[in-house]
1. Among the residues of the stretch 49-74, which ones are of a type in the set (A, V, I, L, M, F, W, C), modelled with pLDDT of 90 or more and part of a helix (DSSP H, G or I)?
2. Residue by residue through the stretch 1-42, note down the ones that are aliphatic (A, V, I, L, M), modelled with pLDDT of 85 or more and under 23 Å from residue 63 (Cα atoms).
Amino acid sequence: MIAKRQHLLLAGLLLFFAGVQFRMVQSVTLSERSSRFVAAEMGGQAQQAMWETVPIRKVIVPPRWLGLALMSVGAVLTVKSMAMKGSAG
């Protein structure tokens, strides 16, 4: 499938605003249920047993460069979509 102008514009804007969101948020605290799921997927049985007994909420800290990278890619896609010729269909 060939990417059309409006598809690139939408993807660019979504990536740009996701990057802005990552720059504004310093950390995300998961709920206990989500923390247990992450522990079950990432760790072994011993860690899962520990997480089930102690109600711990996992804190995720995204790297600072992630927001800038998403904003950069989003801006490039947005400008690229503006430079494309409009399609009639």
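1. Within the stretch 49-74, the subset of a type in the set (A, V, I, L, M, F, W, C) is 49-51, 54, 56, 59-61, 65-66, 68-71, 73.
Of the ones still in play, those that are also modelled with pLDDT of 90 or more are 61, 65-66, 68-71, 73.
65, 66, 68, 69, 70, 71, 73 - these are the residues of the stretch 49-74 that are of a type in the set (A, V, I, L, M, F, W, C), modelled with pLDDT of 90 or more and part of a helix (DSSP H, G or I).
2. Taking the stretch 1-42 first, the residues aliphatic (A, V, I, L, M) are 1-3, 8-11, 13-15, 18, 20, 24-25, 28, 30, 38-40, 42.
Keeping just the survivors that are modelled with pLDDT of 85 or more gives 8-11, 13-15, 18, 20, 24-25, 28, 30.
Selection gives 11, 13, 14, 15, 18, 20, 24, 25, 28, 30.
The values are calculated or read from the model by the stated rules, or taken from the named source; none is laboratory data. In this text, all values refer to a predicted model and were calculated from it rather than measured experimentally.
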